[in-house]
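Here is the structure we will look at, set down as structure tokens.
The values are calculated or read from the model by the stated rules, or taken from the named source; none is laboratory data. From a predicted model like this one, the values you see are computed outputs, not experimental measurements. Virtual Cβ from ideal backbone geometry, glycine too; neighbours counted across all protein chains shown. Just so you know, the surface numbers come from the protein's heavy atoms only, side chains and all, with ligands and any DNA or RNA stripped out. Shrake-Rupley method; radii C 1.70, N 1.55, O 1.52, S 1.80 Å.
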Amino acid sequence: MTIRVLIADDQEMMRSAFRMILDSQPDMEVVAAVGDGEAAVEQARRLRPDVCLLDIRMPGLDGLEATRLLAGSQVRDPLNVLIATTFDLDEYVYRALRNGASGFLLKDMSPALLVEAVRAAANGASLISPAVTVRLLSHLAPRRTDEPEAPEQAPVEPLTERELAVVKLVAQGRTNDEVATELFVTLATVKTHLANVQRKLAVRNRVEIAAWAWRSGVVISA
């Protein structure tokens, strides 16, 4: 199957670079490349691409709102959204996560990482640049202040010790292969654990698993 991709970025140079990389793959096709969020939402709803690759800062409707409209919790048939960012404002990326983004990449990523992330998103998985994971999600860790914080929603079932171990590694930016290697289990076992965790936390993907881990204190920032 050909993975159909929509690109939205206000910089023509970035759109061209992403298109060149993705169109060079035998299993990928860029079906639209637009310069703002409104066009991204319009084209995505019309074309129903397998993956939407969105910048955050765009004129008019920005990538944050476009993500909510395409992948938010209120969307009946959400699309897979990847965020490509310069990472100059962490809170923007966090809002994108809340709005349904399934992956985060830095714009200076390697072409191989971009291709891998698009394939992962198309398959319903997620790929987050490890640098983005640790730097972004660490901001979700409980703050050491005297102000009370809203409690994080508890799992519908307690996580097992092994599931917690998987969650911690995912929240630190490890891939499934790396988690399997560190825990001395098979890749299939890791995927099973993640599926169980998603069900227990009532979340949709590993990005939300990682966010829960940081917010609930399962992973503690340095």
Completion exercise
Of every hundred units of 1.4 Å-probe accessible area on the range 3-137, the number belonging to carbon and sulfur atoms, as a percent, is 48
Handout entry: Heavy-atom surface of the range 3-137, accessible at 1.4 Å and reported per residue (Å²)
Key = 44
Exercise for the section: Specify which residue in the list 96, 71, 22 is farthest towards the positive end of the charge dipole of the range 3-137, using unit charges on the beta carbon of Lys, Arg (+1) and Asp, Glu (-1), about the Cα centre. Expected result: 71
Handout entry: Karplus (6.51, -1.76, 1.60) ³J(HN,Hα), θ = phi - 60°, over the range 167-182, in Hz, Gly and Pro reported as x
Key = 4, 4, 5, 4, 5, 9, x, 6, 7, 4, 4, 5, 4, 4, 5, 5
Exercise for the section: Would you list, by chain and number, the lysines whose Cα falls below 19 Å from the Cα of residue 168, excluding same-chain residues fewer than 8 positions away? Expected result: 191, 200
